[in-house]
1. Enumerate the pairs (first residue in the stretch 56-71 and more than 14 Å from I82 (Cβ to Cβ); second residue anywhere and surrounded by 11 or more Cβ atoms within 10 Å (Cβ to Cβ)) with beta-carbon separation below 8 Å, excluding pairs fewer than 6 apart on the same chain, so at least 6 apart or on different chains.
2. Given the condition hydroxyl-bearing (S, T, Y) and within 14 Å of M193 (Cβ to Cβ), answer yes or no: does some residue in the stretch 145-160 qualify?
3. Out of (1) under 31 Å from the mean Cα position of the chain (by Cα); (2) farther than 29 Å from A244 by Cα, what's the single condition that is false for L17?
4. Could you list all residues from the stretch 60-84 that are of a type outside the set (A, V, I, L, M) and assigned to a helix (DSSP H, G or I)?
5. Looking only at residues that are open to solvent by 30 Å² or more (accessible area, probe 1.4 Å) and within 17 Å of D112 (Cα to Cα) in the stretch 165-182, which one is farthest from the chain's Cα centre (by Cα)?
6. Taking the stretch 138-154, which residues are at pLDDT below 95 and of a type in the set (K, R)?
7. If I filter the stretch 84-137 down to residues being at pLDDT below 85 and at positive phi, which single residue comes out as least open to solvent (accessible area, probe 1.4 Å)?
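The values are calculated or read from the model by the stated rules, or taken from the named source; none is laboratory data. From a predicted model like this one, the values you see are computed outputs, not experimental measurements. Cβ placement follows ideal geometry from the backbone for every residue including glycine, while neighbour counts extend to all protein chains displayed. Heavy atoms of the whole protein, side chains included, go into the accessibility calculation; ligands, DNA and RNA do not. Shrake-Rupley method; radii C 1.70, N 1.55, O 1.52, S 1.80 Å.
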Amino acid sequence: GRYCNNHSAALAEFALLSQHLIYSSFFESCRLLQDMDNIKLDGFLLKPVQRICQYQLQLKELVKHTHRQHCDYDKVLEAESIMKGVATTVNERKRRAEGINKLAQWQATVDDWRGDDLLKESSILIHSGSLTKISAGNKQTRRFFLFDHQLVYCRKLLGSGRLQYKGRINIDQCRIVDLPDNSEAGVCNGWRMENPVKQKWIVLFCKHPAEKRKWMDMLTEERRQVRNDRESGFLVTEAMRRAAYVSSAHNTTTKSKLLLRANQKYKSSSSLREELSGSLVTDSGVVGRPSSVQLSDKKHKLGKSFLRKQKFTT
């Protein structure tokens with residue numbers, strides 16, 4: 001379970017390291033020196049996850065060819081059921097991990113973001129749409145995004161169509177009060193979200209009754225999702241958050257600073273960097289830009305030299 005939970009973070013870490021010639025040389029040299037298949041490290045990291053589905057299929061075939069009167073039939077059937085559950089859990093965690101990456105990418109596209117990052121509390125987008133809000137006597141139409149634990153609202157900028165962050169509502173601290181039509185002046189298809197902790201409230205309403213029903217269903221779904229995550233022990237770890245932000249930095253050029261911040265970890269002194277960086281200097285004392293053929297040869301030589309110095313080879 002832990003391996004599968006950390007799989008996305010491991011892939012992001014590998015992608016980050018592979019940007020540096022020093023580390024990519026090391027990985028490639030390990031593969032060449034061991035005469036391994038031409039598969040990158042991330043391919044090998046995927047194999048244990050793939051085997052989970054393979055085990056389920058193998059057990060399913062074993063049940064199919066085991067006689068019901070056989071003494072091991074019940075145990076094989078139980079094993080198949082267990083592995084089916086494991087496979088379902090892994091697929092769900094993988095789906096949630098992909099959702100986490102999308103949330104990080106979405107936040108990177110929102111201008112003027114303030115406060116905690118979205119992933120500190122949330123892991124999945126449940127619903128979105130335009131709502132009119134009334135707060136402190138002001139009526140405004142905003143774009144609302146319902147995540148687990150919070151409801152974020154933004155203003156759509158004219159011309160560019162980009163979103164500008166305007167605020168958020170902590171759903172964990174709120175209670176939802178249904179508002180009959182016209183119970184408040186000019187409000188139909190609405191409800192009130194009250195926060196007793198902060199002693200604040202906000203009124204939200206839609207244009208059509210069907211939209212309100214949808215929002216009510218989705219707000220109920222949000223609470224159900226939070227309960228399920230609590231019961232199953234699902235938690236967005238720091239490693240998962242970091243992996244999502246690295247992935248977001250790769251896919252969103254406007255937020256490249258995220259990638260630079262993630263790379264900062266590897267700018268400190270490193271024994272691997274110290275061992276190999278000297279070999280990259282040309283006769284003129286300048287780091288060269290080798291051709292693809294030279295690079296392949298250089299990777300092997302650099303990695304072999306480093307491995308021998310570290311006593312990884314005999």
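1. Between residues of the stretch 56-71 that are more than 14 Å from I82 (Cβ to Cβ) and residues that are surrounded by 11 or more Cβ atoms within 10 Å (Cβ to Cβ), the close pairs are T66/D72; T66/Y73; T66/V76; H67/Y73.
2. Yes, that holds for at least one residue.
3. Looking at each condition in turn, L17 falls short on (2).
4. K60, E61, K64, Y73, D74, K75, E78, E80, S81, K84
5. Here the answer is K166.
6. Result: K139, single match.
7. That would be G137.
Yes/no matrix, rows are residues, columns are (1) of a type in the set (G, A, S); (2) more than 21 Å from the chain's Cα centre (by Cα); (3) in a helix (DSSP H, G or I); (4) over 29 Å from Y245 (Cα atoms):
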| site | (1), (2), (3), (4) |
| --- | --- |
| L11 | no, no, yes, no |
| I22 | no, yes, yes, no |
| D37 | no, yes, no, yes |
| F44 | no, no, yes, no |
| P48 | no, no, yes, no |
| Q58 | no, yes, yes, yes |
| V86 | no, no, yes, no |
| N91 | no, no, yes, no |
| G99 | yes, no, yes, no |
